[in-house]
Amino acid sequence: MMLRVVIVDDEDLIRTGLRIIIGAEPDLSVVGEASDGAEAVSVVRETRPDVVLMDVRMPAVDGIQATRTILAGQAPPKVLVVTTFENDDYVYDALRAGASGFLLKRARPEELVHAIRLVASGDSLLFPAAIRSLAAARGVDRTVPGIGRLTAREAEVLRLMARGLSNGEIAAELVVGPETVKTHVGNVLAKLDARDRTQAVIAAYESGFVSPS
């Protein structure tokens with residue numbers, strides 16, 4: 001199935017480079033581009049993409065607000081932040097707003113296309129060290145009631161998710177089947193009212209359930 005992609009960046013050169021990389025893949029297609037957040041919202045509504053590559057630092061409406069608006073719509077696409085700096089409050093705020101992960105602009109082409117396919121499949125692109133660093137700078141700043149409703153096994157799964165482990169790796173760590181882990185992850189997301197693994201991990205840090213240290 002062809003994956004439809006929208007590119008959002010205020011630099012023409014960046015958009016051109018991303019378009020060339022994506023256009024070379026047989027299963028990926030660029031269906032729209034935008035140079036700021038306001039335009040991004042409009043283009044996404046018109047083109048209905050599967051994935052949006054979102055810059056965060058843009059004039060007028062930034063990528064954080066654009067992400068929040070896009071994901072509030074019906075049947076929203078996945079948002080993948082493409083950024084220059086990983087230790088950036090803008091990146092963290094975009095993840096809090098619902099982005100499924102982030103990728104650095106200096107990433108290799110094969111990393112970019114892999115990331116697009118990954119988030120389109122419903123998975124998250126986690127960089128545990130970077131998210132841990134950003135969470136440490138924020139500190140414990142909110143209550144997440146659902147944390148207290150996790151079973152002991154679900155709590156263990158959430159801690160392993162925060163380490164960046166995949167379902168397969170969690171299954172090996174806990175010596176259980178992948179389907180069992182998938183069920184636990186689904187329960188964690190539901191109880192934390194999290195869109196995906198990234199949202200769940202951020203909630204774990206911000207509530208103090210997992211310590212960045």
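The values are calculated or read from the model by the stated rules, or taken from the named source; none is laboratory data. Quick caveat, the model's predicted, so the values are computed rather than measured. No Cβ is skipped: glycine too gets one built from the backbone with ideal geometry, and neighbour counts run over all protein chains shown.
List of remarks:
- From ALA99, ALA107, residue being under 15 Å from the mean Cα position of the chain (by Cα) and assigned by TED's automatic domain parsing to the domain that holds VAL31: ALA99
Residues are listed down the side, and each one gets a yes or a no for (1) surrounded by fewer than 20 Cβ atoms within 10 Å (Cβ to Cβ); (2) modelled with pLDDT of 85 or more; (3) touching a strand residue (DSSP E or B) at 6+ places or on another chain (Cβ under 8 Å); (4) over 21 Å from ARG19 (Cα atoms):
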| site | (1), (2), (3), (4) |
| --- | --- |
| ARG68 | yes, yes, no, yes |
| HIS114 | yes, yes, no, no |
| LEU125 | no, no, yes, no |
| ARG132 | yes, no, no, yes |
| ARG138 | yes, no, no, yes |
| ARG149 | yes, yes, no, yes |
| MET161 | no, yes, no, yes |
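- When segment 167-206 is filtered for residues that are hydroxyl-bearing (Ser, Thr, Tyr) and either touching a residue at least 24 places away in the same chain (Cβ under 8 Å) or buried (at least 21 other Cβ atoms within 10 Å of the Cβ) (or both), the ones remaining, listed by number, are THR198, TYR205.
- Of all residues in segment 195-213, those satisfying the criterion of being within 17 Å of the chain's Cα centre (by Cα) and either more than 18 Å from LEU118 (Cα to Cα) or modelled with pLDDT of 95 or more (or both) are ILE202, ALA203, ALA204, TYR205, GLU206.
- Within segment 19-44, the set of residues being surrounded by fewer than 23 Cβ atoms within 10 Å (Cβ to Cβ) and either part of a helix (DSSP H, G or I) or not assigned by TED's automatic domain parsing to the domain that holds ASP88 (or both) comprises ARG19, ILE20, ILE21, ILE22, GLY23, ALA38, GLU39, VAL41, SER42, VAL43.
- Checking THR47 against (1) under 29 Å from ARG138 (Cβ atoms); (2) surrounded by fewer than 19 Cβ atoms within 10 Å (Cβ to Cβ); (3) β-branched (Val, Ile, Thr); (4) touching a residue at least 40 places away in the same chain (Cβ under 8 Å), the condition it does not meet: (1)
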